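Every read-out reported here was derived from the displayed coordinates using simple, explicitly stated rules and does not represent laboratory data. What you are looking at is a predicted structure, and each value in this text was computed from that prediction instead of being measured. Ideal geometry is used to build each Cβ from the backbone, glycine not excepted, and the neighbour counts take in all protein chains shown.
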Amino acid sequence: MKNTKLPKWFKGSLYSKGNTVTNPFSGEECELNNVELSMYDFIIGSQLVFEMAPKSVTKQKVVDFQKGLDWFRQHNPTAYMTLLD
């Protein structure tokens, strides 16, 4: 896990602490630092909005979601494969 900063486009919350995240489908766990957890929650939150309020989805939200996935894949490929792939 690289200790890195969130990208400038990220408008979500930056958590002060990391945590363990469990893949709800496989049960596998990953320890995420505060920056990774912030991005992970942004990704999961975006997925929920896309599913629950599709009329509120804009092109920019989709672009930011994809940027979030790309960022996560680049900064923690193991956790990406475990939690999001």
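Consider ASN34 carefully, then state whether it is without any contact (Cβ under 8 Å) to a residue 40 or more places away in the chain and in contact with a Lys or Arg (Cβ under 6 Å, 6 or more places away or on another chain).
So ASN34 passes the test.
Could you list all residues from the stretch 26-85 that are of a type in the set (Ser, Thr, Tyr) and under 19 Å from TYR15 (Cα atoms)?
Passing the criteria: SER38, TYR40, SER46, TYR80.
When the residues of the stretch 13-31 are narrowed to those that are out of contact with any strand residue (DSSP E or B) (no Cβ under 6 Å at 6 or more places or on another chain) and among the hydrophobic types (A, V, I, L, M, F, W, C), which ends up nearest to PHE72 (Cα to Cα)?
Across the stretch 13-31, the extreme among qualifying residues is LEU14.
How many residues, within the stretch 32-85, are under 17 Å from THR22 (Cβ atoms) and among the small types (Gly, Ala, Ser)?
Result for the stretch 32-85: 2.
Please enumerate the residues belonging to the stretch 50-67 that are loosely packed, with under 14 Cβ neighbours inside 10 Å and assigned to a helix (DSSP H, G or I).
Scanning the stretch 50-67 gives GLU51, MET52, PRO54, LYS55, SER56, LYS59, GLN60, LYS61, VAL62, VAL63, GLN66.
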